[in-house]
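Structure record follows, encoded as structure tokens.
The values are calculated or read from the model by the stated rules, or taken from the named source; none is laboratory data. Everything numeric in this text was worked out from a predicted model, so none of it was measured. Reconstructed Cβ throughout: ideal geometry from the backbone, glycine too, with neighbour counts over all protein chains shown.
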Amino acid sequence: MDTRGPRPALLAGAAFFLVMPLRAQVRAVLTPALSVMPSASMLSAVPAAGASPLSALSAIPTLAASVLPIAAPVATPVAAAPSAVASLSALTARTVDGVPALDGLASGRLAFDGAPLSGPEPEASAPRLPAARGDTLEFNGRTLPTRLFSDQVRISDSLIGAIDATRETLDIAIYELTIREVHAALQRAKARGVRVRIVMDQSHVFPEKQGHGRSPEVQALIDEGFDVKMLRGGDLHGIMHNKFAVFDGRLVETGSYNWSRAADVQHYENALFLNEPSRVASYRNDWAWMWAAAQPIDLNDPPGPVVIGEDGHGPDLPPAPQDLEKPVEFNGVNLPAQSFTPQGTADIIASAIDAARSEVLVADFSFTNAALMSALKRAKERGLKVRIVFDRGQYKFLKEMAEMRELGFDVRLSDGKGAGRGVMHNKFAVLDAKLVETGSFNWTMNGERNNYENAVYLDAPDDAAGYRAYFERIWARARPATDADHPAQP
């Protein structure tokens, strides 16, 4: 079979497919990328319209040499026909917005084919790691610890140090006061002109339990003209359970620590100092909200009993103000830096538990909250290691705490530092050794609905390490719960 006839057509087709992509890619390549300008002889080599396919093919090497980088020196181009030079310049000098300047046809082909340019791949940005808070912070020339655990230090010493360093304002929300040294520090602050304002739980101003009286320190605050108001929680058993203070609008102290002698001497407690401006602003806002709702104290006019409705409950409390921003990131879930009750904390803690991937450690004085119980159940079902330390005295009476052991959770009980006298009063959790939740908030239904509480969320690695180590110390000294620890209730 004679194959000479089709060969020119095949060669012409090859020339067409070589030249057309070349024209398209040259259009986006900057003029400096060309090795040479075409000479008149090169232009004359391009066949005119109607020339044979073979003559078009013979022109390809010459045309390619005019645009591809070459190592051999090339003679200086001679003058060419104006129309031809202008046409080629229009192709080579035009740039396209957003297209990088390339160093030749090879780079151009890579770019237009969607392949990466030569050079190292860009490094993926590393995830943001929370900064450590350090072991101490400075406040008005005083060095204070960032974290305090009652098995290691006397917390009141640092609290007194912060009060003595305060220069202008001291806003306090406390459940009780029974430490005379703290009262003396408040006296010194007031004497040097610090504006001291205190919101206190009503039941410690007008005790409701038979046989309980007002402490000498609380009585002295009232007698000495301190600016003190009282605040009661909702329903029958609601309380103002916060224990935090804002110093000069620049420092916050919070945690489980009640301002009481027993908390110093007998109980397992924790406290922390915070000086991040956004956190301080949030606590100031919550304090101001409570101050506006609190009542002046008139010892000659004690408050009346709670009015109970037909459903057996008192009126609901309005929800506490909450932060809109959620700067704490934990395993893809964003959390606020702190939260407050009534109504605003249990669901946040539950969402953090649901985001945990390996470990949940809980040290809680009292536990009845259904949402948090469900979250712990889900964590256990996912295969997470869940360990819980409860206060032994509370476990004795609360069926929800005993139910956690019945469900197969690893539960231990603690008496605090003083066997038979102290309590395990902490209320904190450590998740995946990365996130800490702590504050005044007991994981109870009352704490969520009827109490004034606060919870803080910490993602600093040294906070997580410190609280995890504290949990392990409590865990090592606690003992496993048994059937005898929760006898049948009448």
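Has segment 356-369 got at least one residue that is charged (D, E, K, R), assigned to a loop (DSSP other than H, G, I, E, B) and either in the same structural domain as F149 (by TED's automatic domain parsing) or modelled with pLDDT of 95 or more (or both)?
Within segment 356-369, one or more residues are charged (D, E, K, R), assigned to a loop (DSSP other than H, G, I, E, B) and either in the same structural domain as F149 (by TED's automatic domain parsing) or modelled with pLDDT of 95 or more (or both).
Go through segment 420-467 and give me each residue that's among the small types (G, A, S) and either farther than 14 Å from T254 by Cα or surrounded by fewer than 24 Cβ atoms within 10 Å (Cβ to Cβ) (or both).
Within segment 420-467, G420, G422, A429, A433, G447, A460, A464, A465, G466 qualify.
In segment 305-314, is there at least one residue being of a type outside the set (S, T, N, Q) and not in a loop (DSSP other than H, G, I, E, B)?
No, segment 305-314 contains no residue that is of a type outside the set (S, T, N, Q) and not in a loop (DSSP other than H, G, I, E, B).
I'd like to know if segment 264-278 contains one or more residues that are more than 30 Å from A469 (Cβ to Cβ), touching an Asp or Glu at 6+ places or on another chain (Cβ under 8 Å) and modelled with pLDDT of 95 or more.
No.
Given the criterion within 23 Å of S260 (Cα to Cα) and among the β-branched types (V, I, T), identify the matching residue among V423, V411.
Exactly one residue qualifies, and that residue is V423.
Could you identify the single residue in A189, A220, A184 that is in the same structural domain as A263 (by TED's automatic domain parsing) and in contact with a strand residue (DSSP E or B) (Cβ under 6 Å, 6 or more places away or on another chain)?
A189
Is one or more of the residues making up segment 282-291 within 28 Å of V194 (Cα to Cα) and touching a helix residue (DSSP H, G or I) at 6+ places or on another chain (Cβ under 6 Å)?
Checking segment 282-291: not a single residue is within 28 Å of V194 (Cα to Cα) and touching a helix residue (DSSP H, G or I) at 6+ places or on another chain (Cβ under 6 Å).
Which residues, taken from segment 208-228, are assigned to a helix (DSSP H, G or I) and either of a type in the set (A, V, I, L, M, F, W, C) or within 40 Å of the chain's Cα centre (by Cα) (or both)?
Residues satisfying the conditions are E217, V218, A220, L221, I222.
Could you list, in sequence order, the residues of segment 374-388 that are of a type outside the set (K, R) and either closer than 13 Å to A429 by Cβ or over 23 Å from the mean Cα position of the chain (by Cα) (or both)?
A375, L376, A379, E381, G383, L384, V386, I388
Restricting to segment 377-431, what's the tally of residues that are closer than 12 Å to Y268 by Cβ and either among the acidic types (D, E) or not assigned by TED's automatic domain parsing to the domain that holds D354 (or both)?
2
Conditions tested, residue by residue: (1) surrounded by fewer than 20 Cβ atoms within 10 Å (Cβ to Cβ); (2) touching a helix residue (DSSP H, G or I) at 6+ places or on another chain (Cβ under 9 Å).
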residue: I239; (1), (2): no, yes
residue: A245; (1), (2): no, yes
residue: L251; (1), (2): no, yes
residue: R261; (1), (2): yes, yes
residue: D264; (1), (2): no, yes
residue: H267; (1), (2): no, no
residue: E276; (1), (2): yes, no
residue: V280; (1), (2): yes, no
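Can you spot a residue in segment 161-168 that is under 17 Å from Y257 (Cβ atoms) and either surrounded by fewer than 20 Cβ atoms within 10 Å (Cβ to Cβ) or modelled with pLDDT under 95 (or both)?
yes
Is one or more of the residues making up segment 340-347 within 30 Å of V423 (Cα to Cα), of a type in the set (F, W, Y), under 20 Å from the mean Cα position of the chain (by Cα) and not assigned by TED's automatic domain parsing to the domain that holds S203?
Checked against the condition, which is being within 30 Å of V423 (Cα to Cα), of a type in the set (F, W, Y), under 20 Å from the mean Cα position of the chain (by Cα) and not assigned by TED's automatic domain parsing to the domain that holds S203, segment 340-347 yields at least one hit.
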